[in-house]
Amino acid sequence: MPDQTLPASAFEGLELPSDTVKILTASKPPTPASVASPNLLQPGSESTPSNALSMNESSITLYAELLLHIRTVTLFASLRTVHSRETKAELSADGSSITVSHEGESATIRLPIKVKGGGGGAALFLPAQPPSKELTVRLQVEEEEGTDLLGSAQVEARKVNLVPWDGAALSKMQNVKILCRNCKGELVHGGKVGEWRDLPNENWAEMMDFWHCHKPDEHHLHDHTHEEVVGRKGYAAGNRLKAVAGVGFVDLTTLLVAELDCEGVKTHHPESSITPLLCKSCNQAVGTVDKNTEGWRIWKWSSSIGSSNSPSTTSTFNIQKWISARLLYLIENQGVRKFSVHPDSETSEPVSSLLLWVFTPDLLFSSSIPSTPEAGPTRAMKIFWQPQTFDPTSNGVQESTSVEEVAFPEEVSSELKRVLEGSQKLLPGNARKFQGWNVGLLERFDVGDIGMSLVKHER
């Protein structure tokens with residue numbers, strides 16, 4: 001209703017000053033209408049919280065993860081508004097997916113594994129109180145008939161740090177060629193390397209010396225003579241590995257080949273002790289010169305593997321999976337789960353780095369926001385991380401003995417940060433932080449990657 005203003009004649013009998021009468025008879029500005037609730041979706045609104053969903057995001061985001069050791073699938077649902085009695089979650093008849101409906105919209109997620117309770121479709125219980133935009137439901141896992149994902153044999157097999165392109169796999173291929181991941185130019189032509197061998201553990205020489213240091217037939221020898229005898233056996237620390245033309249040596253993340261076999265690679269000579277290898281076609285960094293072996297080490301994450309018999313098909317894997325393989329190797333051999341990751345550089349200036357805590361080394365997750373069009377349940381590690389600054393002048397001094405220092409090429413370090421930041425979009429809002437740590441996901445190799453033959457796309 002509009003405000004009523006009295007005329008000046010109404011105040012004549014009060015003998016008020018003329019200025020006062022003017023104030024009393026002046027029209028009042030309209031009173032702004034009260035807002036029952038703020039529009040959190042309106043751009044630029046001061047009431048909009050920083051973690052509110054933007055207009056182009058789905059109103060329902062689903063994320064599910066399977067923790068194998070406790071045989072539980074946990075479903076997280078993020079809604080644009082608080083849930084109500086009309087919010088529903090329904091398990092599919094075969095127990096392989098869940099659909100959440102809220103305010104006339106719905107989203108479906110394929111679960112990492114089938115769960116109990118389907119049988120024609122079943123409504124899942126959602127917590128009634130307190131009203132929230134974040135819902136969590138735990139589901140009991142049911143082993144599918146004919147599979148053994150949760151069996152003891154599979155549990156033991158999954159503990160192995162699986163990595164593709166080992167010596168045995170490459171030896172089974174014919175006319176193996178190594179390609180530049182960036183431009184697909186040939187780094188090592190097909191058939192140039194005819195034999196592939198696996199390199200042993202990085203500490204193999206020291207371990208063999210330790211195991212055989214008290215051989216009965218050598219205990220009487222003096223120290224110098226003993227070293228010569230052990231060295232001739234081929235497993236002593238002093239018995240140096242050397243690159244051989246026509247033979248490729250394979251370790252966790254590199255391919256060691258002779259310089260003569262790398263016709264598509266050139267060297268770059270900066271003023272440092274590290275001599276990088278570049279692709280002749282696109283100048284992309286693909287490895288480093290290994291002075292100890294007199295060979296060239298090509299990074300697996302910078303390469304594709306193909307066969308001259310099938311020129312159109314190549315095998316390539318995400319860089320993050322190679323990073324995971326390296327971290328898992330260090331967990332197994334060094335017994336640590338925290339890592340200070342920084343670019344491999346000889347600069348004396350402080351550089352950006354990441355402190356990683358591998359909180360869960362093995363889980364399966366799925367999301368209603370697929371990372372790739374064909375994405376399904378994905379094997380990954382859950383990583384807690386914090387941005388830091390690495391000071392090269394510290395000479396390797398660490399804040400804690402439980403933190404292992406890891407150096408990657410600058411491109412790989414940047415990709416690691418990009419992947420961890422991007423993976424947060426898959427997680428529910430209330431699971432992206434933990435006591436000052438950022439939470440992210442890092443994909444790792446699975447059995448399907450190892451058994452996969454040459455494919456035309458990246459895995």
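The numbers here are math on the coordinates, done by the rules we state, and not lab data. None of these values were measured; they are calculated from a predicted model. FYI the Cβ positions are ideal-geometry reconstructions off the backbone, even for glycines, and counts take in every protein chain you see.
Data table
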read-out	value
Across Lys172/Lys338; Lys300/Lys338; Lys300/Lys425; Lys114/Lys159, pairs whose alpha-carbon gap is larger than 30 Å	Lys172/Lys338
Local net charge near Gly440, Cβ-Cβ under 12 Å (Lys/Arg +1, Asp/Glu -1)	+4
Estimated Rh, the range 297-379: Kirkwood, alpha-carbon pairs, angstrom	16.2
Nitroxide proxy distance, nm - points 7 Å out along Cα→Cβ at Ser84 and Thr360	3.2
Overall Cα dimensions of the range 319-450 - principal axes, largest extent first, Å	45, 33, 26
Viscosity 0.692 mPa s, 37 °C: Kirkwood-radius Stokes-Einstein D of the range 60-140 over Cα pairs, µm²/s	258
Cα centroid separation - the range 294-356 against the range 404-423, whole Å	9
Nearest-20 debye value, the range 319-450 charge dipole, Cβ charges on Lys, Arg, Asp, Glu	660
